[in-house]
């Protein structure tokens, strides 16, 4: 069994929530203290020819954390670009960025990487969906098609990022079509001993792959119907924009990182999850 510490964070191009100052130094220190194994990042600047301190953000973060990095460039400007990135403490075997832009005003992509964790290929997808409902639906359809086409059904999957899905309308698509569950829906609550007993009993007595066990937890009621947590704006979170979906893992805990230093680093609050991979 391997325990993974997973973070998902929209870093606002390395600037504070109001955009008035750079925040990469605080971000490096904050991530370093979390000791993550996988970091799913959105709004990462791969190139900034105006300010050298904001250039190659995925590379500078990976160097400080001693992790490998994959970057998917989505939005290209005359002297800058930005997109999604994955940082991994484990080898990144391969990655590809798929353009899912719905119109010219919003450049979006799906960064799909395969990470080898103790000889197990884990498919990791970093997403940042559009601001309009119709576009998000088409982007999720492209995501579902990609997973069905390229990811074996028995493979563990992590999808994390900024979904802009404040009304939580996309979650049923992940559950019904891919058997993916949002981590807060299946994480045990310390205040609910009945749920903990049910989780332990299910994991102990069902001699089935862990992916099926977690799927059954959701199908049989242990996946709560509570909405995902509020993550935006970081100072006073109100909108539920960020998600971590998983398949093939047991969720030990999940939380939003509120307060300092996070609310000064970006306009989003980061998500943290601790997962078990058999």
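Before moving on, here are some points about what is shown:
- Scanning the stretch 93-107 for residues that are in contact with a strand residue (DSSP E or B) (Cβ under 6 Å, 6 or more places away or on another chain) and either under 19 Å from residue 46 (Cβ atoms) or surrounded by 14 or more Cβ atoms within 10 Å (Cβ to Cβ) (or both), we see that the one that is modelled with the lowest pLDDT is 107.
- Scanning the stretch 256-267 for residues being over 13 Å from the mean Cα position of the chain (by Cα) and either assigned to a helix (DSSP H, G or I) or under 16 Å from residue 241 (Cβ atoms) (or both) gives a total of 8.
- Of all residues in the stretch 237-255, those satisfying the criterion of being in a strand (DSSP E or B) and under 21 Å from residue 144 (Cβ atoms) are 242, 243, 244, 245, 246, 247.
- When the residues of the stretch 224-244 are filtered to those that are at pLDDT below 90 and touching a helix residue (DSSP H, G or I) at 6+ places or on another chain (Cβ under 6 Å), the one that is surrounded by the most Cβ atoms within 10 Å (Cβ to Cβ) is 228.
- Scope the stretch 64-75; condition touching a strand residue (DSSP E or B) at 6+ places or on another chain (Cβ under 9 Å) and more than 28 Å from residue 102 (Cβ to Cβ); matching residues: 65, 67, 68
- Residue check for residue 135: modelled with pLDDT of 95 or more and closer than 21 Å to residue 75 by Cβ: no
- In the stretch 32-73, the residues that are touching a residue at least 40 places away in the same chain (Cβ under 8 Å) and not in a strand (DSSP E or B): 34, 36, 37, 54, 57
- Members of the stretch 77-92 that are over 15 Å from the mean Cα position of the chain (by Cα), at pLDDT 95 or above and in a strand (DSSP E or B): 92
The values are calculated or read from the model by the stated rules, or taken from the named source; none is laboratory data. These numbers come from a predicted model, not from an experiment. No Cβ is skipped: glycine too gets one built from the backbone with ideal geometry, and neighbour counts run over all protein chains shown.
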